[in-house]
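Engineer: I have a structure I would like to understand better, so I am pasting it below and will then ask my questions one at a time.
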C-alpha cells in the first residue's frame, strides 16, 4: 500500500519533469531545432493541425530550418501559421520549400527567454510539490484509518521527501542547462 503511493508519486513527478523538457524545447535558442515549431498549428482543410502532421521539418544548418509540405497548396498556410506564432520567425519560400532562418538572439531576448524558462521550471517544482502533498495526505488518511502505524507513516513521508528532492534537483539541473544554452553566443 505504501509502496503503491510512493510509486504513483514518483511516476507523476517523472511526468512533470518530462513536461518541463517539452516546454523547454519550445523556448527558442540561437540554434535551429525542429521542436521549436512543435506548438505551431496550421489550418488544414479548416481544421487546426500540428505542423509536423502536414509537413516534414528538418534542420538545414545550425541556423536554418527547412519545411517541406506534403501538399503544395499548404505552403501559404504554413507561412501564415509560422508568422502568427509568437516565435519571432520569418519564413522564406522558394517554390515548395520553406526556409526558416533563426535570427540571432539579442541580450534582451535572451533574458526574456531565461525568464520564461525560470517560470516553466518553477511551475514544474510546484507540480512536484503538489504531488508530494497529495502523497503525504494519502499517508495521513491511512494512519487515521489505522491501516498503517505512525512509524510506517513517518518512514514513508521521509521516503516521499527524498523522491521529491530527487525530482526538484532534476528540474534545477534542466534549468541550469537551458540557461547555459540560452546564454551561449
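Engineer: Once the Cα atoms of helix 75-84 and of the chain are each reduced to a long axis, what angle between those two axes, in degrees from 0 to 90 to the nearest 10, is obtained?
Structural biologist: Value to nearest ten degrees: 50.
Engineer: Could I ask something else about it? How much length would be gained if the chain were fully extended between residue 41 and residue 108, taking 0.36 nm per residue of separation minus their Cα-Cα distance, in nm to one decimal? Mind dumping the intermediate values first?
Structural biologist: On the way: separation 67, 0.36 × 67 = 24.12 nm, distance 2.72 nm.
In short, 21.4 nm is gained.
Engineer: Another question, if that's okay. Expressed as an acute angle from 0 to 90° and rounded to the nearest 10, what is the orientation of the C-alpha long axis of helix 107-144 relative to the principal long axis of the chain?
Structural biologist: Approximately 30 degrees, to the nearest ten.
Engineer: Given contacts defined as C-alpha pairs under 8 Å and at least six residues apart, what's the relative contact order of region 1-73, whole-number percent? Can you show the working numbers first?
Structural biologist: On the way: 63 pairs, mean separation 15.2, N = 73.
Computed over region 1-73, the figure is 21 percent.
Engineer: Ranked by Cβ crowding within 10 angstrom, fewest neighbours first, how are 52, 138 ordered?
Structural biologist: Final ranking by Cβ density, sparse to dense: 52, 138.
Engineer: I need the shape label for the chain. Rule: rounded when a/c is under 1.5, else prolate if a/b > b/c, else oblate, with a, b, c from the alpha carbon gyration tensor.
Structural biologist: On the way: a/c = 3.96, a/b = 2.26, b/c = 1.76.
Prolate, because a/c is 1.5 or more and a/b exceeds b/c.
Engineer: Tell me, 152, 180, 86 in order of fewest to most beta-carbon neighbours within 10 Å? Show your work: numbers first, answer last.
Structural biologist: Numbers: 152 15, 180 9, 86 6.
Arranged by neighbour count, lowest to highest, 152, 180, 86 become 86, 180, 152.
Engineer: Another question, if that's okay. Return the FRET efficiency for the residue pair residue 157, residue 118: r is the Cβ-Cβ distance, R0 is 25 Å, and the value is rounded to the nearest 0.05.
Structural biologist: Values: r = 29 Å, r/R0 = 1.16.
That gives a FRET efficiency of 0.30.
Engineer: What shape does region 12-63 take by its C-alpha gyration tensor, where a ≥ b ≥ c are the square roots of the eigenvalues and a/c under 1.5 counts as rounded, a/b above b/c as prolate, and the rest as oblate?
Structural biologist: Working: a/c = 2.83, a/b = 1.21, b/c = 2.33.
Because a/c hits 1.5 or more and a/b fails to exceed b/c, region 12-63 counts as oblate.
Engineer: Right, here's the next one. Enter the angle in degrees (range 0 to 90, nearest 10) between the Cα long axis of helix 150-183 and the first principal axis of the Cα atoms of the chain, meaning the one along which they spread out most.
Structural biologist: Roughly 20 degrees between the two axes.
Every number in this text was worked out from the coordinates using simple rules, so none of it is lab data. Since this is a predicted model, take the numbers as computed values, not measurements. As a convention, Cβ positions derive from the backbone with ideal geometry for all residues, glycine included, and neighbour counts pool all protein chains shown.
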